[in-house]
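All remarks here apply to the structure that follows.
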Amino acid sequence: MIRYFKYTVLALAAAAAVACSEEPLDPQSQVIDSVTQETEFDKWLQANYIDTYNIELKWRMETNESDMNYWLVPARVDKSIQMAKLMKFLCFEAYDEITGSMEFIRSYYPKMIHLIGSAAYNNNNTFVLGTAEGGLKITMYMINELELDPEYLNEYYFKTMHHEFAHILNQTKPYSTDFDMISGSEYVSDAWSSNWNGDSDAQQHGFISEYASKESGEDFVELLSIYVTSTEEDWNNIISSAGSGASILTAKFDIVYNYMLNSWNIDLDELREVIQRRQGEIDTLDLDNL
C-alpha cells in the first residue's frame, strides 16, 4: 500500500499572493503525457540527476503523476531550471558533503521528483507544498512562485524537501516510540490549522509549528526540517521564547538529533552548518544557464 504524506501550510495572505498570475505560460511548460523532443534542460537533468543520483526530475506536468483532486498549473521551464539547480546545491550536495559521498542520496532519496507550478489549494484555508509517496516520489508545488531569497526558499521549498525526506528515512528506519509519548494525546489531527494563533502559540505548547501538532510523525519531521533550515540564532530564539514549551521542544529534538546520528550517522549540527553556508552562496550560482 502506498503511504501519502502531505506537507500543508496555512494559505491566508500567502495564498492571495500566489494564487493568480497574469504572466503568460512558457510555451515549453505544458500538461503532457506523450513523448516530446529532448531539450537542453533534459540533457542537463540526465547528467546531473539521473546519471549522478539516479533521480528523475519531471518538470513537464504529467496527468498520471499529478493529484487530480486539485486544480494545478504546470511548472515554467525557467523556474524549473532554477529549482533543479537549487535542489542539487542546497539539498543533495549538502548531504554529499557531510556523508562524504553521493551514495546516501542515491540510496535513500526518492527516485522521482515531480514539479508543479502552483500550490495545491484545499478548502480549509491551507495549501499543500509537497507530498511524499511510499518512499518513491516527492511532488513539489508552487514552483512558478520561486524567489531566490533564502528565507523564502526555506519557507516554501526547502523545509518541505527536508520534511518529506525525513518521512522517507523514518519509513526505512523507525525512530523511538519514546518520541510519541512526549506530547501523547495533545496532537490535534486536522484541527491544527485552526487550533493555534500562529507557530509561536504552538511552540508554547511544545510543538515547533502549527502543523507539527497534527500527529507525532509530522512533529518529528517538522523539528528536523525547521532545525536544519534555521540559523543557530533563530533556533535559539524559538526555544527561548517558547516558555513552558521549551523543555518539551528540547526533549523532542534530542530524540530527533540522536535518531539521525545513531541511525544515519548524520550530525544535524553539521548538516545545518553546511546548509546555512550554502544558502549564503546562492548569489554566486548561475541559476539561469545550463
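Any residue in the stretch 229-251 that's farther than 27 Å from Arg277 by Cα: show its pairings with residues that are among the hydroxyl-bearing types (Ser, Thr, Tyr) and outside any helix (DSSP H, G or I) at Cβ separation under 9 Å, as long as the two are six or more apart or on different chains. The qualifying pairs do not exist here.
As for the stretch 263-271, it holds at least one residue that is closer than 22 Å to Tyr156 by Cβ, at pLDDT 95 or above and buried (at least 19 other Cβ atoms within 10 Å of the Cβ).
Taking the stretch 108-122 as the range and being over 14 Å from the mean Cα position of the chain (by Cα), in a loop (DSSP other than H, G, I, E, B) and within 12 Å of Trp71 (Cβ to Cβ) as the test, the residues that pass are Gly117, Ser118, Asn122. Among residues of the stretch 104-130 that are over 20 Å from Met142 (Cβ atoms), those with a Cβ under 7 angstrom from a residue that is open to solvent by 10 Å² or more (accessible area, probe 1.4 Å), sequence gap 6+ or separate chain, pair up as Ile105/Asp96; Arg106/Asn54; Tyr108/Thr172; Lys111/Asn54; Lys111/Glu56; Lys111/Leu136.
Taking the criterion of being of a type in the set (Val, Ile, Thr), touching a helix residue (DSSP H, G or I) at 6+ places or on another chain (Cβ under 8 Å) and exposed (fewer than 13 other Cβ atoms within 10 Å of the Cβ), the only residue of the stretch 161-179 that qualifies is Thr172. Just the residues that are surrounded by 19 or more Cβ atoms within 10 Å (Cβ to Cβ) and either in contact with a Gly (Cβ under 9 Å, 6 or more places away or on another chain) or assigned to a loop (DSSP other than H, G, I, E, B) (or both), please, taken from the stretch 146-158. Passing the criteria: Leu146, Pro150, Tyr157. Of all the residues that make up the stretch 104-145, how many are among the hydrophobic types (A, V, I, L, M, F, W, C), at pLDDT 85 or above and crowded, with 21+ Cβ neighbours inside 10 Å? Number satisfying all stated conditions: 9. Looking at the structure I just gave you, is Ala202 out of contact with any Ser or Thr (no Cβ under 8 Å at 6 or more places or on another chain), over 30 Å from Phe104 (Cα atoms) and of a type in the set (A, V, I, L, M)? No; evaluated as a whole, the condition is false for this residue. Here the helices (runs of 4 or more DSSP H) wholly within the stretch 180-236 that include at least 1 residues being hydroxyl-bearing (Ser, Thr, Tyr) and either open to solvent by 60 Å² or more (accessible area, probe 1.4 Å) or at pLDDT below 95 (or both) are 192-195, 199-204. Figure legend. Inter-residue proximity from the stretch 272-285: first residues farther than 20 Å from Tyr257 by Cβ, second residues at pLDDT 95 or above and among the small types (Gly, Ala, Ser), beta-carbon distance below 9 Å, spacing 6+ or different chains. Indicated pairs: Arg278/Ala94.
When we screen Ser247, Ser240 for residues that are out of contact with any helix residue (DSSP H, G or I) (no Cβ under 8 Å at 6 or more places or on another chain), open to solvent by 40 Å² or more (accessible area, probe 1.4 Å) and small (Gly, Ala, Ser), the only hit is Ser247.
The values are calculated or read from the model by the stated rules, or taken from the named source; none is laboratory data. The shown structure was predicted, so the numbers you read here are calculated from the model rather than taken from an experiment. As a convention, Cβ positions derive from the backbone with ideal geometry for all residues, glycine included, and neighbour counts pool all protein chains shown. When the accessible area is computed, the model is the full protein with side chains, heavy atoms only, and any ligands, DNA or RNA have been set aside. Shrake-Rupley method; radii C 1.70, N 1.55, O 1.52, S 1.80 Å.
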